[in-house]
Amino acid sequence: MQLKVYSSELKAKDVSLQRELRRVALIVLPGTSSLEVSLAIQALKAANAVSGYAAFHWRIATLYGEPIDLEDGFVLQPQMKVGEDEAIDLALVFGEWGVDTGNLVSFSNWLKRLDRHGVYLGAVGGACYELANANLLDGYQCTVSQAYRDSFQELFPSVEIRDALFTWDRKRITCTGRAACLDMILNVIEHQCGTEVTGQVAEAFNYDVRCGTSIPMRQRNLTLQKMSGKLAEAVRIMEENLEFPLTAEEIAVESGSSKRQIERLFSYHLSCSPKRYYKRLRLKRARSLLRQTALPVSEVAVACGFSSFSHFSRVYRGCFGSTPREDRMALSA
């Protein structure tokens, strides 16, 4: 019986020249989703079963080697604590954005030691913050969830963010989390075991492998998928120019349309003017920065294209019902 192979292309690389990724440490931070950890473990388990040998050996680590509560109520029992073992080929950090790890210097130093030893480092979901905060993503391409992309860009400008479900850049592997974790792990399995084993593992999950690291994320606003290409392009241009807003004429030129055509498209599909939609995008980004970073409110205003703080405070309140300062204070209360 011929094996069903899901990979649409073979990686053009000499695997023999690359480090094996057999010894895997799954570092799980408090509040992590059990889905992501479970997907990673079950896929590695399946790879061992399909290949017929111990292609992977993994250990679960927590910061102090103690059981931790996961996001959905499960309690995770680890096998080691961070820093206990450095005989690792791949260290994957699982975590949620904004979870307080105690700002452990020892955790960052351990990751840095692993990096100096040539260990591959990965982050799932919000754990990309931990790698970036340790300066381990400087000069690398990285994937982050759209939910905290704006905050990540402000905090770590030297990291290049890619619009992808997961990214593998040299010895860094990052993914948006949730189901994208399976895409990432399947590519790790392909690196270690080859295409046929990966195809069988994917088949066990009833899953089609989405090959390569440049897989685009689903459009954030699904209604735009059914809209005019000109409108979607205009929205994309707005999203990429929040700090220094463009005029309606400039947006029209960039999108290959006329100002009147853009205004008609926004009115018909979104029931608002381009100017109003643009302002809403900037305010949403401001709210995200206020809630996810410690940037001063005045800096948030500038980062979102508001030169006047009083104007920013006024339109923010008109949109969300509270001033920027009130919104931040309510979150920390």
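The values are calculated or read from the model by the stated rules, or taken from the named source; none is laboratory data. Note that the structure is a prediction, hence the values are computed from the model and not measured. For neighbour counting, all protein chains shown are included, and Cβ atoms are generated from backbone atoms with ideal geometry for every residue, glycine included. Ligands, DNA and RNA are stripped out before the accessible areas are found, and what is left, the full protein with its side chains, is counted by its heavy atoms. Shrake-Rupley method; radii C 1.70, N 1.55, O 1.52, S 1.80 Å.
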For 140, 268, write out the residues from largest to smallest accessible area, computed with a 1.4 angstrom probe and no ligands counted. 268, 140
Would you calculate a helix-derived [θ] at 222 nm for the chain, using -39,500 (n - 2.57) for each DSSP H run of n ≥ 4 and dividing by the full residue count, to the nearest 500? -13000 deg cm²/dmol
For segment 224-278, what's the relative contact order in percent, using C-alpha pairs closer than 8 Å and at least 6 residues apart? 32 percent
Area of residue 284 that stays accessible when all protein chains are in place (1.4 Å probe, Å², to 10): 110 Å²
Using R₀ = 22 Å, calculate the FRET efficiency as 1/(1 + (r/R₀)^6) where r is the Cβ-Cβ separation of residue 20 and residue 81; round to 0.05. 0.35
When the chain is fully extended, how far beyond the present Cα-Cα distance does residue 280 get from residue 307, taking 0.36 nm per residue of separation? 8.1 nm
From phi via Karplus (6.51, -1.76, 1.60), per-residue ³J(HN,Hα) for segment 278-295 in Hz, x at Gly/Pro: 4, 4, 4, 4, 5, 5, 5, 5, 4, 5, 4, 5, 5, 8, 10, 9, 9, 4
Which of the aspartates and glutamates could a cross-linker span from residue 275 if the Cα-Cα distance has to be under 17 Å and same-chain partners fewer than 8 positions apart are dropped? 233, 239, 240, 243, 249, 250, 254, 263
Around residue 88: net Lys/Arg minus Asp/Glu count, Cβ-Cβ under 14 Å: +3
Per the rule of 0.36 nm per residue minus the C-alpha distance, extending residue 291 to residue 264 adds in nm 6.3 nm
So what's the angle, to the nearest 10 degrees on a 0 to 90 scale, between helix 309-320 and the longest Cα principal axis of the chain? 70 degrees
5 angstrom amide H check on residue 125, placed H, neighbours 5+ away: 175, 176, 177
Over segment 44-125, calculate the relative contact order: mean separation of alpha carbon pairs under 8 Å at least 6 apart, over the residue count, as a percent. 25 percent
